[in-house]
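Working notes, beginning with the structure itself.
Every number in this text was worked out from the coordinates using simple rules, so none of it is lab data. From a predicted model like this one, the values you see are computed outputs, not experimental measurements. Glycine also receives a Cβ, built like all others from the backbone with ideal geometry; neighbour counts cover every protein chain displayed.
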Amino acid sequence: MKNISILACVLLFCLGIASCDKEDYTGYSTVTPTSPNATISIDYPSYLVESDSIITYTITLDEPQVADIVYNVVLDPSSTATEGEDFDYEDQVIMGAYSTEATGTISLYRDLDFEPDETIKLTIGAGASSTPNNTYTPQEVEITLDDYPFLATAYVWEDSVVINDTARYFCEYVDLDFLVFSEAGEDQGIYQAATGSCPEFLDLQNLADGVYYIKANLWSNSLPDSPEVVSFPITMYYGAGYGNIHGQVANIITSEDPDSYDDGAGILADIAKITLTDGIFEVEGL
């Protein structure tokens, strides 16, 4: 009986040693941390037009650890993009204890400013992590953000006039065209906003640096029983790409002598002055 008791104690002792040497991921393990290898994986465009988007990257360990591992993310001071306006990032990525994968993000924003190209330079895993024996190669990330390469404009004339007790909406009866002229008064041959539609849309792109003028031409006025002179309020909306209004200017053109401007009878009203310098648009209402 005594021998049986001794044998049972020996077995229990051996089982205890075995259980202490095997990782059970319960938080009570006595396993000594190893020297894991970490891999940082990221797929990103090195050059892109500004947009609201998120870049996700992954840090992977080849074996789990019993404590959290912190990976630092550092912004290079030579970056020209503005944190909080053009982008945001997490300055630390934490690999949780007993985990083998962690993710971080870089958020990119589309703003409404006309500006030159900007860069974001980050180092993922910069400096020492919280686990000195954690082996990995820091990942450098450099992204060039291109501003929208064109100035999008839209023109509306949605007011109305009451004729014989009936409201007549200008958009239905009046055809306005919007043309681009150089500072010297030369027609640039851009007729995207001369379609007979209301509103009209025009993208300014592939222009050399210089000063340009947007002019409105009253092509036709088919208001029934129209007074001799009617004023058509025009609003020009503009921004860096469709869907975002950066600003607006307004002007008024009258209905005297409606016709094509190039036969000498039409009316050309200045709507806006646009100055283009190094790809940056400045808009001034006239």
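Annotations for the structure displayed:
- For segment 31-146, DSSP calls about 85 percent of its internal beta bridges antiparallel.
- Amide H contacts of TYR136 (H built 1.01 Å from N, under 5 Å, at least 5 apart or other chain): ALA38
- Projected label points at PHE201 and THR123, each 7 Å from Cα along the beta carbon direction, are separated by 4.6 nanometres.
- Amide H contacts of THR119: THR80, ALA81, LEU145, each under 5 Å away and 5 or more positions distant or on a separate chain (H built 1.01 Å from N in the peptide plane; Pro and chain starts excluded).
- Point-to-point label distance, ASP270-SER46, nm (Cα→Cβ direction, 7 Å offset): 4.6 nm
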